[in-house]
Structure formats: structure tokens, C-alpha cells
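The values are calculated or read from the model by the stated rules, or taken from the named source; none is laboratory data. It should be emphasised that the depicted structure is a prediction, and the values quoted were computed from it without experimental measurement. Please note: Cβ atoms are built from the backbone with ideal geometry, for glycine as well, and neighbour counts cover all protein chains shown.
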Amino acid sequence: MTFASIRFLYCFAGFLIIYFLVPAKFRRYVLLMGSIAFLAANGIKGAMIAAVFVPVNYFLARKAYNEYDPIISAKRSAALNLIVLCIFKVTGFLPVGASFYIFTYVAYLIDVGRYEIKYENNFIDYANYALFFPRLLMGPIARYKDSREDIKAPKILPENIQYGLESFILGFAMKVILADRLIHLQREVERIGIDCVSTSCAWLVALTFALRLYLDWQSYCLMASGVAKILGFDLPINFNYPHMAKSVSEFYRRWHMTLTSWFKDYIYIPMGGSRKGRIRTVFNILFIWLLTGLWHGITINFILWGLSLGIFVVIEHLGLRKLLDKLHVLPHIYVIFVITVTFALFATEGLNNIALYFGKLFPVNGIEPSMMPGDTIIYLQKFWPYLLGGILCALPYPERILHKYGRKWYGAIILSGVFWVTVYILWKNGNSPFMYMNF
């Protein structure tokens, strides 16, 4: 059960009635039961694992805080979590959302060990932090110090509910109307075979995949943020319009910001960051990007994806970034090109398929004819409204306009219309899973 499903809309409406009607002191229990039910609806094994992980990490954090050397104890406990995550990934026994909530546990343990926060004494509050269902499946990865105030006293206000509804509807429409339609372009080309299309069509597929990945994940984040806001919680921003970036390193500071911050604070800086000379800095950057690739999957395409991005970030760190900062349009073109090419690696499994795809993107012996003449024009004519809508949603203007005019009477009517049109499309076509639920 994902946010973009009829089943969730029914269940969430019923949950909200209970959540708002019960006395404030009982809402934490209702929230926890709702989170457990949501997790179970997305897989019993995930709920069973959470039933073990949550109390174990709760007691490990308390133990670490009271140790003579708390950081050592916390690191051991964090390492145990990460070992289990690695076992899940290697064996294929990966519960939905495991990567995200285990990283949340690790952040909590390390912060407790560093005495940056005190362990949470109330088990229900800790469990609500660990299992908060809006961010359970795909993040963002929240720090306890940023969540504690909301956990203790959710800010249930009319303006928060309004803002949350606006964010949810925008994400809902982005997922159902745009992201779920763009997947059909890729599927049609896959049925034909990438070797049978033109080079320009191969580039169109690569650009579409990169755009769809952003729309799919950002739509989830908007819906998660909206649901959390309605419940009285603030989630950290996970995407800050990365396509506005002027360098690859800036792009990934704006893309999945909480994961980038997690790697920086808990691995990169403890390794020495950029404080131990140029050679060590280059090694640290490449190592972090290798880990980022492995976090997505232990296959060659993810390893190549992570290392290739690491190489671009290193080149920028060694001087290219200063040049890019002085230019205007060219850096944006450079970023879109690099992101598109590297996401082509991300999307393609197996060395043979990678070689085939990149041979089509960068033909050495001349451009081979397509089996379907004019294939690029055909697909553009068929999918241009969704491509244009996706490009607009990659810019900050739609969200700004929505939150500016959503509370006016005509804005509310338009917003309501968008919601019910999206519900109709979802009912008619069914829902597609979010891409990052696999990680």
C-alpha cells in the first residue's frame, strides 16, 4: 500500500478521523498503531523485523549513553545494524523501506553516543520516531534532534493541514499523471529493443528515465511531507530542485539531501573529510560514492554509477567547480548531460546491456538506422505533454504558485479538481510502485 493508491486514501481518511477525535494524550498510541498497520500492509516480514529492531535499538541506545565510552558502544551497535542491512541486500531478503529506517536507527545511535542528544526514555515516543509511517518506505532520513519536538507535541493547526493537503495533492498528481505515464515510453522502447531505435530516441529514453526518477521520488516526498504536516509533523526537505544546480556535486547536495547529509556526517567527516590532504580527500570522495552505489545494489551498474559520479565530483573539487561558477548556461547543460548519462548506467543491468545502450548513445561507426523511421518524433508527439509537465515540475514555480494561491477560493477549487481527476486516473489505470521502494 503506497500513498498513490485508492486503498491508502480510504485508510488514511479513516485514520485521520480517529487521530483527530481522540484526546491529545492518546494520539501517540494511535499514531504508533497506524504506523505498524501501514508497515504490515506493505509486507509482513517488514513488520516482523521492525518488531525486533525497534526495541533492540531502543535498549542499545540507552546502554550506549550510560557506558564509560558511549561512542564506542554506539558504533558497535550501529555496525550491527549495518551488517544486518548488508545481509538483507546480499540475500535479497530486503523488507520494504529497510535501508531508510536502518539508516535512521544508525543516526540515532551515533548521535546518542556523541552526546549530541539524550536517549529517548519514553519507548512509545522512540517507536513513533523510528516507525513514523510517512517516511517509512522511502525516507527522508530524519534526525531525532529535529523530530523530538513534534513527537512530543504535534502541531495540529488549520494552516498546517491546508499546507499538507496542497503538498500531498501536488505529489499525488505528479506521480499518477506524470511519472506513471512516462514509464510507458521506456516500456515501449524496451519491447522493441534499444538496439532497434535511433540514437536520438535512445537519448530521449535516457532523458525520460532521469526525469521520471526525479518525478517519482519527489512526488513521494511531497506526499510524505503533506501527510506528516496534516498530522502535525515537519519532515526535512529531501529535494531542493536539483536540476537548477551548476555542478554535479551541487546536484547531489540538492538530491536526496538527507542521505547525502547522512553519508557526510557519519562516514565522510569521520574518515577525515577534506582535512587530511588532497590525496586522502580524493580517496574519501570516491569511497563515499562507491558506498552510495552499493547502497542502491550490489551489481555492476550501481558500482559503475557511483564511481563515475565520484570521478566527476573529484574533478570538480580539483578545480572544475571554480570554472563552472563563473559561467551561466553551460554549467546547467553540463549537469543535465552528466546526470542523464550516469542514470543510463543506473537503469541498465549487466555489462553487455550497458555496452549496447552506450553504443547506441555514442555510436562510433556512424549512426545506425532505426527499425521505426522517425521514432523520436513519434514518441515526442505521443508523450510531449507529460515530458513538458515533468520539466515544469522540476522547476520551483509550480510548488510556489500552489502554496501562494492554494488557500484562495479559486485555488481551492482548482486543487480539488486536480485531486479528483487524479483519483479518476488512478482508479482507471491502477497504481505503479515507487521506484525507490526497491532500495
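Might you check whether a residue that is assigned to a helix (DSSP H, G or I), among the aliphatic types (A, V, I, L, M) and not assigned by TED's automatic domain parsing to the domain that holds GLY389 occurs anywhere in region 199-215?
Scanning region 199-215 turns up no residue that is assigned to a helix (DSSP H, G or I), among the aliphatic types (A, V, I, L, M) and not assigned by TED's automatic domain parsing to the domain that holds GLY389.
Considering region 185-198 alone, what residues qualify as being closer than 22 Å to ILE336 by Cα and either under 13 Å from the mean Cα position of the chain (by Cα) or in a helix (DSSP H, G or I) (or both)?
Residues satisfying the conditions are LEU185, GLN186, VAL189, ILE194.
When you check TYR58 against the structure, is it modelled with pLDDT of 90 or more and either touching a Phe, Trp or Tyr at 6+ places or on another chain (Cβ under 8 Å) or among the basic types (Lys, Arg) (or both), yes or no? Let's see the steps before the verdict.
Values: modelled with pLDDT of 90 or more: yes; either touching a Phe, Trp or Tyr at 6+ places or on another chain (Cβ under 8 Å) or among the basic types (Lys, Arg) (or both): yes.
Considered against the rule, which asks whether it is modelled with pLDDT of 90 or more and either touching a Phe, Trp or Tyr at 6+ places or on another chain (Cβ under 8 Å) or among the basic types (Lys, Arg) (or both), TYR58 comes out as yes.
For region 139-153: of the residues being surrounded by fewer than 17 Cβ atoms within 10 Å (Cβ to Cβ) and part of a helix (DSSP H, G or I), which is nearest to the chain's Cα centre (by Cα)?
ASP146
What pairs come up if the first residue lies in region 1-24 and is under 12 Å from VAL423 (Cβ atoms), the second is surrounded by 13 or more Cβ atoms within 10 Å (Cβ to Cβ) and of a type in the set (S, T, N, Q), and their beta carbons are under 7 Å apart, counting only those six or more places apart or on different chains?
Correct list of pairs: ALA4/ASN431; SER5/ASN431; PHE8/THR2.
Looking at region 230-242, I want the residues that are without any contact (Cβ under 8 Å) to a residue 24 or more places away in the chain and have a partner that is surrounded by fewer than 19 Cβ atoms within 10 Å (Cβ to Cβ) with Cβ atoms under 6 Å, at least 6 apart or on another chain. Which pairs are those?
ASN240/ARG254
Which of the following residues is without any contact (Cβ under 8 Å) to a residue 12 or more places away in the chain and among the small types (Gly, Ala, Ser): GLY297, GLY277, GLY272, GLY310?
After applying the criteria, what remains is GLY277.
Among the residues of region 383-416 satisfying the criterion of being more than 24 Å from the chain's Cα centre (by Cα), surrounded by 11 or more Cβ atoms within 10 Å (Cβ to Cβ) and at pLDDT 90 or above, which is nearest to LEU207 (Cα to Cα)?
Going through the qualifying residues, I end up with PHE383.
Please state which of the following conditions ILE156 fails to meet, knowing it meets all the rest: (1) assigned to a helix (DSSP H, G or I); (2) over 30 Å from GLY430 (Cβ atoms).
Only one criterion in (1) assigned to a helix (DSSP H, G or I); (2) over 30 Å from GLY430 (Cβ atoms) is unmet by ILE156, namely (1).
Does region 95-138 hold any residues that are buried (at least 21 other Cβ atoms within 10 Å of the Cβ) and on the phi > 0 side of the Ramachandran plot, and which are they?
GLY97
From PRO236, PRO270, grab the single residue that is outside the structural domain of ALA107 (by TED's automatic domain parsing), modelled with pLDDT of 90 or more, surrounded by fewer than 17 Cβ atoms within 10 Å (Cβ to Cβ) and in a loop (DSSP other than H, G, I, E, B). Please lay out each step first, then the result.
Numbers: PRO236 fails: surrounded by fewer than 17 Cβ atoms within 10 Å (Cβ to Cβ).
Checking each option against the conditions leaves just PRO270.
For region 318-350, name all the residues that are in a helix (DSSP H, G or I) and over 26 Å from the mean Cα position of the chain (by Cα). Show your work before the answer.
Narrowing region 318-350 to residues in a helix (DSSP H, G or I): 318-326, 329-347.
Scanning region 318-350 gives LEU318, GLY319, LEU320, LYS322, LEU323, LEU324, ASP325, LYS326, VAL329, LEU330.
Any residue that is under 22 Å from HIS296 (Cα atoms), surrounded by fewer than 19 Cβ atoms within 10 Å (Cβ to Cβ) and in contact with a Phe, Trp or Tyr (Cβ under 7 Å, 6 or more places away or on another chain) - is there at least one of those in region 314-335?
So far as region 314-335 goes, no, none of its residues is under 22 Å from HIS296 (Cα atoms), surrounded by fewer than 19 Cβ atoms within 10 Å (Cβ to Cβ) and in contact with a Phe, Trp or Tyr (Cβ under 7 Å, 6 or more places away or on another chain).
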